[in-house]
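K.L.:
Mind looking over this structure? Questions follow.
Taken together, the values in this text are just the output of simple stated rules run on the coordinates, not laboratory data. Computed from a prediction, not measured in an experiment: that's the story for all the values here. With ideal geometry, Cβ positions are generated from the backbone for all residues, glycine too; neighbour counts draw on all protein chains shown.
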Amino acid sequence: MDRIILFILLSLPVLVLSWRTLFKPRSHGFYRFFSWESIIWLFASNYNFWFVHPFSPTQIISWVFLILSSYLVIAGVIRMKKKGKPGPQREEPTLYDFEKTTELVDTGIFRYIRHPLYSSLLFLTWGIFFKNTSGLLFLVAFLSTLCLYLTAKAEEKEYLRYFGPEYMEYMKHSRMSFHSCSELLPNTRDLVLAYNCGPAVTRALPFSLSVNCSKLFIKRCARSLAFLSHSEGSP
């Protein structure tokens, strides 16, 4: 009951913020709403486990993902405000004011990935999931991941309409950042077994995720070092 009450309370402000896009499935905000709702359900389910067994493998992975999530959102917002120059020239009613960038942001972290804010939500999703893993919550995290992918694809169409060839050229030299999502997830066989074979297999699912996420994190660390060394001179 506490989970449902918390979910409803946290969903109310999200519903208010997303109201303008709920009936416009071609807007990126439509899919983002369902990702936010999935994240809220994950939090409502796992907040009691936030500091349980703090040195367990899944908790360590969780904190690493949450730290990465914080870094990505801070770096992305700062760069958008510094170079994006939001303005009333963009009259798209589904966009918030800070999203109405009039100049293409392609420096800093945007030089490497086109959607650091959605990448932040991706890491937030799985960071919360690892607080207390289960087959059902895995499906919720998977839904959030899928919605974030659809959000990014819809937003890229909006940018292409506004920036045109400039954004198309930018896409050739940057990554969407979701190309490695599949590495975070166990294969289809793991998911089917977890759902059909009961708790014993479901408990094995987090281990599969932990191994895959650990491999991905090592790769990310190497890329982050390269990013930091190259971005020192970014305007």
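K.L.:
Could you pull the Rg and Dmax for the stretch 28-121, using just the Cα atoms, both in Å?
P.N.:
According to the Cα coordinates of the stretch 28-121, Rg and Dmax are 16.4, 51 Å.
K.L.:
Amide H neighbours of I113 under 5 Å, at least 5 residues apart or on other chains, H built in the peptide plane: list them.
P.N.:
Answer set, sorted by chain and number: R175.
K.L.:
Distance check, please: which entries in K82/K131; K81/K157; K100/K157; K100/K172; K83/K153 exceed 25 angstrom between their Cα atoms?
P.N.:
With Cα atoms farther than 25 Å apart: K82/K131.
K.L.:
Moving on. In whole Hz, with x marking every Gly and Pro, tabulate ³J(HN,Hα) for the stretch 147-155 from phi via Karplus 6.51 cos²θ - 1.76 cosθ + 1.60, θ = phi - 60°.
P.N.:
Using θ = phi - 60°, the values come out as 5, 5, 4, 5, 4, 5, 5, 5, 5 Hz.
K.L.:
Could you give me the ³J(HN,Hα) list for the stretch 128-138, computed from phi with Karplus coefficients 6.51, -1.76, 1.60 and θ = phi - 60°, whole Hz, x at Gly and Pro?
P.N.:
Running phi through 6.51 cos²θ - 1.76 cosθ + 1.60 with θ = phi - 60° gives 5, 4, 6, 5, 7, 7, 7, x, 5, 5, 4 Hz.
K.L.:
Same structure again: Out of the stretch 56-131, which chymotrypsin sites (Phe, Trp or Tyr not before Pro) are coil in DSSP terms and have no more than 15 other C-beta atoms within 10 Å?
P.N.:
Sparse-neighbourhood loop chymotrypsin sites (Phe, Trp or Tyr not before Pro): Y96.
K.L.:
Count neighbours as other Cβ atoms within 10 Å of each site's Cβ, and list the trypsin sites (Lys or Arg not before Pro) in the stretch 1-87 that are DSSP loop with at most 13 such neighbours.
P.N.:
Sparse-neighbourhood loop trypsin sites (Lys or Arg not before Pro): R26.
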